Each structure stands twice: as C-alpha cells, then as structure tokens.
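The values are calculated or read from the model by the stated rules, or taken from the named source; none is laboratory data. These numbers were taken from a predicted model, which means no experiment stands behind them. Note that we place each Cβ from the backbone using ideal geometry, even for glycine, and neighbour counts take in every protein chain shown. Just so you know, the surface numbers come from the protein's heavy atoms only, side chains and all, with ligands and any DNA or RNA stripped out. Shrake-Rupley method; radii C 1.70, N 1.55, O 1.52, S 1.80 Å.
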Amino acid sequence: MIDSNSITMLSIKNLHASINGTGILNGIDLTVKSGEIHAIMGLNGSGKSTLAKVLAGHSAYEVTQGTIEFEGKNLLELAPEERARAGLFLGFQYPVEIPGVANTQFLRLAYNTIQSQRGKEELDPLEFDDFVREKMKLLDMNPDFLDRSVNEGFSGGEKKRNEILQMALLEPKLSILDETDSGLDIDALKIVAKGVNQIINKDNATILVTHYQRLLDYIVPDFVHVMQAGRIVMTGGKELAMELETRGYDWIGSDQRNAKNRLTAGAHA
Amino acid sequence: MSNKAANSGDYLQYLLNSWSAKSADKLSGLSQLRARAIDSVNTQRLPNKRDEEWRFTDISPLTQLAFPPSQQQSKVVQANDLEQFYLPETTNRLVFVDGHYAAELSTIADAPIQMIGNLPAMMRSRASTIESHLGHYAKIDGNVFSALNTAFLRDCAVIIVPKKTVIVEPIQLLFVSTQEEVSSYPRCFVIAEQDSKLTLIEDHVSITSASYITNTVAEICLAANAHVQHIRIQRDSQQAYHLANCAVSLAHASQYQSVSVSLGSKISRYNLEVQLSDENSECTIDGLTLIAGQQLSDTHTCIDHIKPHCTSHQQHKCIVDETAHAVFNGKIMVRPQAQQTNSSQSSRNLLLSNTAKVDTKPQLEIFADDVKCAHGATVGQLDSEEIFYLESRGLSKESARKLLTYAFAADIIHRIPVASLQQQLEKIVLNQMQGV
C-alpha cells in the first residue's frame with residue numbers, strides 16, 4: 001500500500017555490480033518506501049537475482065559503482081549478518097540444505113540472534129516451540145518440519161514455506177523474496193501468498209523478484225519494474241505485470257537493448 | 001629430559017630396562033605372556049615412514065622422548081578433578097590414573113561386581129577365562145606398541161559379561177593422565193559371553209597439559225549373539241602422544257558397534273582390527289577426528305570378513321583446521337570363504353583451512369566373488385553458499401562456520417547412545433557457541 005506517512009526504506013542509486021569481472025548490474029535506481037510492495041520482473045539473466053543477492057551482501061558480487069542506503073544508512077558498509085540484524089531479509093530462490101542441523105535449532109538460533117540484536121528477549125527451546133508452532137499455522141506447515149534437518153529432503157514448496165516461516169519469525173523491515181513462486185503448485189502458491197500477505201503491513205516493505213505474473217495475482221504490488229541487461233527499463237503499476245503476461249518481454253526496451261548491442265560491438269571492434 | 005635415546009633400538013631397550021625392576025610380581029599366570037611380549041619387542045624396531053602402515057605418520061619424535069613408565073602415585077588426583085568426566089548415565093566406572101588402577105576413584109554397583117574389575121582381582125576368580133583370551137586378539141608380532149603394552153601388562157580393566165546377561169547402564173573406563181614425561185600402558189579386556197549385551201565407554205582424558213605417552217591396548221571378544229557398543233573418546237593433552245590398538249573378534253551373529261572420537265594429542269594413532277570370524281556377525285564402525293593446530297591424528301582400521309553372510313558398515317569423518325593433519329586408512333578384507341559379504345565404507349573429510357591436510361585411503365581386498373562392497377571418499381571445505389545463507393539470517397561468519405562444522409560431525413556424534421556424552425562432544429564441536 002502506498003501511504004503518505006511512509007518513510008524511505010531503501011534507496012538505490014546508479015548501482016553497478018559485477019561477478020568475476022563481468023558486469024551484471026549496470027545502473028539500477030530504485031526507491032522503496034515503507035508499506036510498499038515492489039515487483040521486479042524480467043527474463044532470466046536480466047540481473048533480478050543478482051540485485052537480490054547484492055542487497056543481502058553476497059560476497060561473490062562486487063559493487064563497482066553507486067550507492068545503497070537502507071533507512072538512511074550505507075548498506076554497502078554492512079556485512080551480510082549486520083544487514084539481517086538491521087532488518088533486511090532475503091527469501092532464497094534455492095534455500096540451502098543443512099543436514100545435521102534440526103530446523104527448530106536453526107530457526108531458534110536465527111530468531112534469538114535477531115532478537116538479542118534488537119534488545120529483545122530470547123526464547124528458550126520450550127517457549128520457542130510454542131511460538132514457532134503458532135507461526136507455522138500461518139503457512140499450513142506440518143510440525144514435523146521442526147525436527148527434520150534444515151531443508152534436507154524438503155520439496156521445492158516445503159523449502160519456500162520454510163523461507164516464509166523465517167520471514168514471519170524474524171519480522172524484517174524489508175523483505176526481498178527471490179522467485180518465491182518458482183516450483184510451487186497453485187495450492188502451495190496460495191498458501192505462501194496468504195502467509196506473506198499476513199506479514200506485510202504499513203511499516204515494512206517487500207520486493208518480489210519474479211519471472212511470472214502469477215504470484216502477483218495473490219500478492220498485489222504497488223509498483224512493477226522490468227529489468228533488462230542489469231537495468232530497470234520500465235516501471236508501472238500492477239497492470240504492467242498483466243501486460244507482460246499477455247505480450248511477453250520483447251516489446252520493452254528494444255531501444256536500450258540496441259544501444260547496448262552497439263556498445264558491445266564497438267568495444268570488440 | 002635426561003634420558004634420550006638416539007635411535008629406535010635404544011629407545012625400546014631403555015623402556016624395557018626401566019621396567020625390569022617391576023617385572024617380578026604376583027601375576028605368575030600371565031608372566032609367560034609378558035615374557036613373550038618382551039622377546040617380541042627385542043626383535044622389533046619403531047616403525048618409520050618407509051613402513052607401508054606408517055607412511056603418512058612420522059612417529060620418530062618418540063625416540064627423542066624416552067619417558068619412563070609411570071610410577072603409581074598416591075593421591076595425585078582427587079575425585080573432584082575428575083567429576084567433569086563422569087557421566088550421569090553410568091554408575092559403573094573404573095578409573096585408571098596414568099595406567100594404574102585407582103580403586104578409591106572407581107565405583108561398581110552391586111550386581112556387576114563379579115563381572116567388572118581390575119586384572120589382579122579378577123584373576124582370583126576368572127584366571128582360566130582370562131588366560132585363555134587375554135593377549136590372544138591384539139597382535140604382538142609386527143606391532144611394537146601392542147608388544148610394549150603387553151610387556152608392561154599389570155593393571156587392566158576386565159569386563160566379563162556372563163551368558164544372557166544384559167548390562168543396561170553403560171560402563172565407563174576412565175583413563176586419566178596426570179604426570180608429565182611418563183609413558184603409561186592402559187589396557188582393557190572385554191568378554192561378552194553368549195547372548196549378553198554391554199555398552200562400554202573408553203574415555204582417555206588428562207588433567208595436565210603436559211607431554212606424555214599413552215600406549216593402550218583393548219581386546220574385545222564377542223561370543224555368539226553378543227552385542228557390544230564401544231564408545232571410545234581420545235581427549236588427551238594437546239602435547240601427548242597416544243598410540244592405541246584395539247582388536248575385536250566376533251562370533252556367530254554377534255554385533256559390534258563402535259564410535260571412536262579423536263580430539264586430543266599432538267600425535268595419535270588408533271589401530272582397530274575387527275574380525276568377523278563367524279557367519280551373520282555384524283559391525284558398525286564410526287569415527288570422528290576433530291583436530292587443529294599442529295595435531296596429527298591417524299586412524300587405521302581393518303575389517304576382516306572371514307566367514308560368509310557378514311555385514312560391516314563404516315563411516316569415518318575428519319574435520320581438520322589450521323595446519324593439522326588427519327589420516328584415515330580403512331582396509332576391508334573379504335576372504336575367499338566370505339561369500340555374501342555386505343560391506344560399505346565412507347570417508348568424508350572437511351578441511352577448515354588452506355593449510356590443513358588429510359590423507360584418506362580406502363583399501364579393499366576382495367577374494368570372494370559374490371559380495372556387495374561399496375566405498376567412497378570425499379574431501380571438501382565449508383560451502384560458501386551455506387555460510388551466506390546462515391549469515392543472511394543474522395549469524396556471524398564465525399557462528400555460521402561453527403554451525404556447519406557441527407552439522408558435519410553431528411551424525412557421528414548422534415550415534416553415541418549416551419546423551420550427556422553427546423552433549424559434551426557437541427559443545428566441543430560448537431566451541432560453546434551462544435544460542436544453540
């Protein structure tokens with residue numbers, strides 16, 4: 001929701017980032033305010049997931065130009081765990097499996113780490129068990145998940161639910177959900193979307209990174225951005241997502257693409 | 001140190017001479033065994049890296065450490081020094097201080113008192129059983145350390161579980177090192193008679209950070225249908241030298257499960273030989289090595305399938321940090337008669353630094369043609385994506401690394417059937433990480 005009292009949560013200016021010397025992000029500008037839901041769409045390889053990982057502080061990506069401010073602070077100076085503690089959350093496209101660590105142990109560790117950082121009370125295993133079971137109801141999750149190893153042997157849908165469960169527990173200010181809809185059947189998608197919608201409020205903000213419009217039927221964005229070749233080439237309302245669904249991506253930004261191709265050709269000449 | 005032995009022969013001679021003063025004692029029934037061991041030591045030398053079995057582990061520093069055999073000292077250790085090692089799950093505990101039995105620190109509940117004790121006491125009632133088994137499993141020839149231990153044999157934890165007897169509570173054998181610059185020769189001897197069941201915890205600990213040598217031998221004999229769980233923890237001083245031999249013999253349909261954990265010592269070597277001597281016997285051999293600094297920990301196992309229809313499963317994991325060096329050599333022998341053998345072996349290794357080193361060598365020698373034998377070895381590092389995942393949930397890099405290291409070790413630790421010991425080991429692996 002767009003709110004006149006909202007504050008600027010995230011401000012990205014002219015962001016360039018590369019991996020192993022290859023530029024992936026080529027000048028991103030994006031402002032996200034509290035209460036807003038932004039969708040970032042685009043074809044594979046357009047840089048959507050890279051943007052998500054750069055925001056979370058993945059060390060494989062090097063920021064070569066530009067700035068990111070999170071609640072007025074320079075985000076680029078913070079280590080990944082400091083970003084998490086400051087209230088930034090990344091829901092992974094491919095959540096990592098950690099055999100040998102019980103999910104409940106992991107969730108409590110993450111929860112207590114964030115809580116203590118906020119000066120709030122940590123929960124002992126029994127208290128946490130009650131708390132997490134309540135949150136799991138939001139996502140229709142079987143309590144068995146607590147005793148299994150983190151994500152080990154989880155189906156794609158189960159992993160994504162586990163991501164949203166973490167979002168529910170950690171109560172981030174800014175959530176970036178990377179392809180949360182991929183690998184979900186329609187029932188699972190509805191459950192995940194319902195969970196996300198219950199977490200979203202006027203004081204937090206959400207960035208949905210997605211390839212398809214389908215998720216946006218259930219989590220309705222205030223803004224839709226289209227990425228191409230590491231840039232946001234078009235921004236619109238939720239109707240833009242519909243248009244992309246019917247017309248595909250080809251019609252957008254052909255000018256920019258052509259410009260880039262010319263540049264590349266020039267560099268090789 | 002006043003006594004230095006220039007070479008391996010001098011070193012062994014020095015040890016034997018320093019023992020001769022004590023060699024005449026009451027255990028005449030075992031003197032033949034000791035005499036044979038002394039003869040055997042006289043024909044052997046210390047192994048060096050040219051010996052195939054020792055190619056990864058240089059044991060030559062021992063020749064510079066002519067530590068005399070430890071003398072029994074009264075009251076060097078108090079009960080409250082040891083409380084940290086006691087396990088609430090067990091009331092039967094034999095304590096050996098620098099290899100010498102400490103009756104005042106040991107406790108045995110009423111029921112098993114006939115079954116558990118120190119060798120001299122047990123010889124009074126069970127001499128014939130002991131003499132017909134003790135020293136029959138651990139090879140003396142070709143194994144100078146086992147021979148030395150046998151030459152110095154005096155005190156020894158003896159457990160003889162009678163037929164159809166189930167000892168529910170684990171029995172703890174606590175071997176404590178307290179003196180510096182001595183060598184000690186702990187020994188254990190276990191007979192599980194037909195249809196009996198036992199859980200044994202062999203715990204090597206120290207209350208000194210000094211240098212010393214522990215040379216230990218364990219022999220475990222399982223009669224038909226016997227079940228033995230053997231948990232072995234080596235947490236000697238970081239300056240210690242720990243040389244261990246364990247020989248296990250399994251009769252028909254018996255089951256041996258072992259978890260050995262190697263944490264301490266500057267140089268440690270564990271040889272485990274398991275003989276599946278009759279049909280339908282089964283063993284599960286799990287190991288965990290967790291070392292750092294300049295430690296070297298070498299585990300050599302040999303699982304010998306002698307008869308058909310036997311099963312062995314082995315999983316060994318090494319976690320190596322800084323400039324430490326771990327060695328795993330896992331030999332599986334399947335003899336011509338041993339058809340329908342089912343055997344699996346896995347060696348997984350985690351290197352936590354660029355200078356850590358592991359040598360892993362699965363060694364399968366299969367002489368039967370109808371068998372199932374699987375083996376695999378991996379060496380890897382912590383996964384950077386896994387670390388990033390945990391960091392993105394607020395964990396520091398350090399905590400993330402510790403949690404993932406713990407996760408790597410967890411399945412081995414969880415096979416230890418004693419909760420308090422599991423927790424102690426989890427703490428060691430996690431290094432008292434907050435919040436878990």
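Within segment A:74-163, which helices (runs of 4 or more DSSP H) (wholly inside it) include 3 or more residues that are of a type in the set (G, A, S) and surrounded by fewer than 20 Cβ atoms within 10 Å (Cβ to Cβ)?
Helices (runs of 4 or more DSSP H) meeting the threshold: none at all.
Just for segment A:171-184: of the residues that are among the hydrophobic types (A, V, I, L, M, F, W, C) and at pLDDT 95 or above, which one is farthest from the chain's Cα centre (by Cα)?
A:L174
Of all residues in segment A:39-57, how many are part of a loop (DSSP other than H, G, I, E, B) and open to solvent by 20 Å² or more (accessible area, probe 1.4 Å)?
3
Out of segment B:104-131, which residues are small (G, A, S) and either open to solvent by 60 Å² or more (accessible area, probe 1.4 Å) or in a strand (DSSP E or B) (or both)?
Matches in segment B:104-131: B:A111, B:G117, B:S125, B:S128.
How do the strands (runs of 3 or more DSSP E) wholly within segment A:185-257 filter down when requiring 3 or more residues that are touching a residue at least 24 places away in the same chain (Cβ under 8 Å): which remain?
Working: elements: A:205-210, A:223-228, A:231-236.
Answer list for segment A:185-257: A:205-210, A:223-228.
Report, by residue number, each residue of segment B:222-259 that is farther than 30 Å from B:S211 by Cβ and open to solvent by 40 Å² or more (accessible area, probe 1.4 Å).
Correct list: B:N225, B:H227, B:Q229, B:H252, B:Q255, B:Q257.
If I ask for residues that are open to solvent by 10 Å² or more (accessible area, probe 1.4 Å), touching a residue at least 40 places away in the same chain (Cβ under 8 Å) and in a strand (DSSP E or B), which ones from segment B:260-273 would you list? Before the answer, list the steps.
Of all residues in segment B:260-273, those open to solvent by 10 Å² or more (accessible area, probe 1.4 Å) come to B:260, B:262-263, B:266-267, B:270-271, B:273.
Filter once more, keeping what is touching a residue at least 40 places away in the same chain (Cβ under 8 Å): B:263, B:266-267, B:271, B:273.
B:I267, B:N271, B:E273 - these are the residues of segment B:260-273 that are open to solvent by 10 Å² or more (accessible area, probe 1.4 Å), touching a residue at least 40 places away in the same chain (Cβ under 8 Å) and in a strand (DSSP E or B).
Name every residue in segment B:204-236 that is touching a strand residue (DSSP E or B) at 6+ places or on another chain (Cβ under 6 Å), of a type in the set (G, A, S) and outside any strand (DSSP E or B), in order of residue number.
B:A226
Can you confirm whether segment A:129-136 contains a residue that is within 19 Å of A:I176 (Cβ to Cβ) and more than 10 Å from chain B (Cβ to nearest Cβ)?
No, segment A:129-136 contains no residue that is within 19 Å of A:I176 (Cβ to Cβ) and more than 10 Å from chain B (Cβ to nearest Cβ).
Per-residue answers, yes or no, for (1) of a type in the set (G, A, S); (2) at pLDDT below 95; (3) in contact with a Lys or Arg (Cβ under 6 Å, 6 or more places away or on another chain):
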| site | (1), (2), (3) |
| --- | --- |
| B:F175 | no, no, no |
| B:E180 | no, yes, no |
| B:P186 | no, no, no |
| B:A192 | yes, no, no |
| B:K197 | no, no, no |
| B:L200 | no, no, no |
| B:D203 | no, no, no |
| B:I207 | no, yes, no |
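Give segment B:279-295 a look and list any residue that's farther than 20 Å from B:N431 by Cα and among the aliphatic types (A, V, I, L, M), or say none.
Residue satisfying the conditions is B:I285 alone.
May I ask you to list the residues in segment A:40-83 that are within 14 Å of another protein chain (Cβ to nearest Cβ), touching a residue at least 40 places away in the same chain (Cβ under 8 Å) and among the polar types (S, T, N, Q)?
A:S49, A:T50
Condition (residue is under 29 Å from A:F154 (Cβ atoms) and at pLDDT 95 or above) applied to segment A:209-217: is it met by at least one residue? Show your work before the answer.
Step one: list which residues in segment A:209-217 are under 29 Å from A:F154 (Cβ atoms), which gives A:209-217.
Restricting the remaining residues to those that are at pLDDT 95 or above gives A:209.
Within segment A:209-217 (the criterion being under 29 Å from A:F154 (Cβ atoms) and at pLDDT 95 or above), the answer is yes, since at least one residue qualifies.
Results for (1) exposed (fewer than 13 other Cβ atoms within 10 Å of the Cβ); (2) farther than 25 Å from B:F175 by Cβ; (3) of a type in the set (A, V, I, L, M, F, W, C); (4) at pLDDT 85 or above, shown as yes or no for each residue.
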site: B:M1; (1), (2), (3), (4): yes, no, yes, no
site: B:N7; (1), (2), (3), (4): yes, yes, no, no
site: B:K22; (1), (2), (3), (4): yes, no, no, no
site: B:S40; (1), (2), (3), (4): no, no, no, yes
site: B:E53; (1), (2), (3), (4): no, no, no, yes
site: B:A66; (1), (2), (3), (4): no, no, yes, no
site: B:Q78; (1), (2), (3), (4): yes, no, no, no
site: B:E83; (1), (2), (3), (4): yes, no, no, yes
site: B:P88; (1), (2), (3), (4): yes, no, no, yes
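Scan segment B:326-344 for residues that are free of Cβ contacts under 8 Å to residues at least 40 places away in the same chain and closer than 27 Å to B:D58 by Cβ and report the count.
3
I'd like to verify a number: residues in segment B:77-97 that are farther than 16 Å from B:T214 by Cβ and in a loop (DSSP other than H, G, I, E, B), how many?
7
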